[in-house]
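Worksheet: the structure to be examined is printed underneath.
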Amino acid sequence: MANHKQVQLKKPIRVLSKQTYNTLNEQNLHMNTSDIIADRLIGWGVKVVFGLPGDGINGMMEALRTRSDKIKFVLVRHEEGAAFSAVGYAKFTGKLGVCLATSGPGGIHLLNGLYDAHLDNAPVLAITGRTYSDLIGFRYQQDVDLLGPFSAVAGYNQIVMNASHAQMSVDLACKFAIENRDVAHISIPIDVQEQEFSKSQVTEHKVPKSTSNTLPAISVPDISGLEQAAAVLNSGKNIVLFVGAGALGAGDEVIALAQKLNAPVVKSLLGKAVVPDKDPVCLGGLGLLGTSAAEEAMEKADSLLMIGTSYPFSDFLPKPGQVQAVQIDIRADRIGTRYPVSVGLVGDSKATLKALNPLVNPNKDDSFLKEMQDRMADWWKLMEKRGCRTDFPLKPQVVTWTLSDLLSDDAIVCSDSGTITTWAARYIKIRKNQKFSLSGTLASMANGMSYALGAQAAYPDRQVIAIVGDGGFAMLMGEFSTAVRYNLPIKVIVVKNGALGMIRWEQIGFLGHPEYGVKFQDIDFVKFAEACGGVGYRIAKFEEVKPTLSQALQEKGPALVEATVDPNEPPFPARLELKQVENLAKALIKGEPNRKRIALTLYRDKIKEL
């Protein structure tokens, strides 16, 4: 049975000052609903709101305007971009991200980004408008019951009924989002936004100031659970630590335990920044975008410690019964979801690892770790060979391999979804103080640049990079003009293959069908960047990669680099399965339109590696 008990560490609980908390008093009863909500956002430490206004949310806009010295509003080109920016802000800071949209279609457009937050555990508050309270349900213009479509994505999902309801609503929404690392949503009718507190009705059951901003203390499991976990790890020989996004910020503790156990560390993609890619204990990522060393380690492990991960691809984990597993997660409902565990520890990853380490005996047998380190050394040699290819057309991995060495030591890297994810996951060598994220569980396209906007808004002095494909970039490319308008000096690297590359290879390699419906009309993204008021650079040849990237990274404002690459370079997994080879052959035989070029590319790739 997994042990789920927990105790709290003696750590101060975050409580706002009395002056900040008491929004309402005798002097400000003429504040309206929007004023109250804006003040509470400031009280919760919100510094920026990403959004796009409309007549359904203009009351809130006025409250933000009159407080623009305390809380910044970033006007985006599309509400989906607002949501993704809030997600990026939340992921990279650990703080509450906030997005805003008008009633009806505005709120609906937020949903994709909010699902990304929900599935990747990012604390985000969405504020939407609603039609006039006395016209709800009468098919008035933009009268959409947003509580319905938001119900599956927002754990706190409420309409603000009147001014006296506002403070409690926003406090509970912020508290829910932060405590649960999830989405909260409040929707405010147009007339309610302007309603003064003094004119709203307060029932006799409502206690004034009956909310708080108290947040939970950091928790660790009780000693019996820790001892059980230590016993499992002490009995192992080939121990693997598998870390995810929940272990971010606990990298030192992960490495310390790995060194003590002579255990390699394998990472989920959302956990890429937990430990540096070139640390001696690190085997890189797992799965289709991972390394062969990580796969082999899982196959040979006899003990597994999962830390802050809800990795969905269980077929890459050890076979059931192969290992004894311990799992650490802040949420009890995640324990044992992906893999059967002997001991479950519910608590903060960093604090739990600190408590667990003294109970674990040093593993004196380092043969397994050394074997995996040899495999990883071979992997990096292969990546370097592929990343330094001088072919024309330019290989996509050359762009990210070269970019990796040019990044600042505290760079923030945002990846989009598609074949670009492969080139970022494998060829960006994350260093200790760098950050990395992407749309993990949802795997949505178009998140990369908006994540970068959120990151740059949070860290104006850090280098922020968006690595995107042309398919994902084109979906929300208007947000480049947002970066220009607010002088957010993001650098956008567009790896351009002229197609929905991942979908193309899935059609060919997973299903054995010729590609269909995946080719794009060409767009000159350099001219687009310049039209937005930014700077654009172009790469087409190997010798242009390093000098062009170097120059673009030196730009003081937003810059875009368009790198046109070989569309026939396959994003194959670390170890190609026979079934995938058979499907590729089927697709070529069926009439894949680029079969000659694909076959030639694969032949040349293999010859050069041999």
Over the chain, relative contact order from alpha-carbon pairs under 8 Å, at least 6 apart, %: 13 percent
Using Cα Rg over 2.2 N^0.38 Å as the read-out, say which of (1) 1.01; (2) 2.10; (3) 0.97 was calculated from these coordinates. (1)
For GLU544 paired with ASP374, estimate the spin-label separation in nm (one decimal), with each label point 7 Å from Cα along the Cα-to-Cβ line. 4.4 nm
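Which percent, nearest 5, of DSSP beta bridges in the chain are antiparallel? Display every interim value, and only then the final one.
Numbers: 5 of 71 bridges.
Around 5 percent of the beta bridges assigned by DSSP in the chain are antiparallel ones.
Computed FRET efficiency, Cβ-Cβ of ARG575 and ALA231, R0 35 Å: what is it to the nearest 0.05?
On the way: r = 34 Å, r/R0 = 0.96.
About 0.55, to the nearest 0.05.
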Taking a ≥ b ≥ c as the square roots of the eigenvalues of the Cα gyration tensor, with a/c under 1.5 meaning rounded and otherwise prolate when a/b exceeds b/c and oblate if not, region 63-144 is oblate
Per residue, how large is the accessible surface of the chain? Use a 1.4 angstrom probe and give square angstrom. 42 Å²
Which aspartates and glutamates have a Cα less than 14 Å from the Cα of LYS586, not counting those fewer than 8 places away in the same chain? GLU506, GLU515
So, how do all the Cα-to-Cα distances of region 462-550 break down into 5 Å bins, in percent, from 0 on up? 3, 12, 20, 21, 17, 12, 8, 5, 2, 0
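In the structure shown, do any of LYS267/LYS432; LYS364/LYS432; LYS435/LYS491 have a Cα-Cα gap over 19 Å, and if so which?
Working: LYS267/LYS432 14 Å; LYS364/LYS432 27 Å; LYS435/LYS491 15 Å.
Cα-Cα > 19 Å for LYS364/LYS432; rest within.
Could you work out the relative contact order of region 253-318? I mean the mean sequence separation of Cα pairs under 8 Å and 6+ apart, divided by the number of residues, in percent.
On the way: 62 pairs, mean separation 17.0, N = 66.
Relative contact order of region 253-318: 26 percent.
What FRET efficiency comes out for the pair ASP365/ASP409, r = Cβ-Cβ distance, R0 = 56 Å, nearest 0.05?
Working: r = 35 Å, r/R0 = 0.62.
Calculated value: 0.95.
Rounded, prolate or oblate, given the Cα gyration tensor of region 248-340, with a/c below 1.5 counting as rounded?
Working: a/c = 1.34, a/b = 1.15, b/c = 1.16.
Here region 248-340 falls in the rounded category.
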Expressed in angstrom and rounded, the centroid-to-centroid distance over alpha carbons for region 267-333 and region 122-170 is 40 Å
Tally up the carbon and sulfur contribution to the accessible surface of the chain as a whole percent, 1.4 Å probe, everything protein left in place. 53 percent
Computed FRET efficiency, Cβ-Cβ of THR337 and ILE218, R0 25 Å: what is it to the nearest 0.05? 0.65
Tell me the label-point distance for the pair LYS385, TYR132, using the 7 Å Cα-to-Cβ offset, in nm and rounded to one decimal. 7.3 nm
Partners for LYS350 among aspartates and glutamates (Cα-Cα distance below 16 Å; same-chain residues under 8 apart left out): ASP222, ASP252, GLU253, ASP329
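Step through the table entries LYS237/LYS300; LYS278/LYS556; LYS395/LYS541, compare each Cα-Cα distance with 18 Å, and write down the pairs that go over it. Kindly include the intermediate steps, with their values, before the conclusion.
Details: LYS237/LYS300 10 Å; LYS278/LYS556 30 Å; LYS395/LYS541 9 Å.
Long pairs (Cα-Cα over 18 Å): LYS278/LYS556.
The values are calculated or read from the model by the stated rules, or taken from the named source; none is laboratory data. Computed from a predicted model, the values in this text were never measured in an experiment. So basically every Cβ, Gly included, is an ideal-geometry build from the backbone, and we count neighbours across all protein chains shown. Surface accessibility is based on the protein's heavy atoms, side chains included, excluding ligands, DNA and RNA. Shrake-Rupley method; radii C 1.70, N 1.55, O 1.52, S 1.80 Å.
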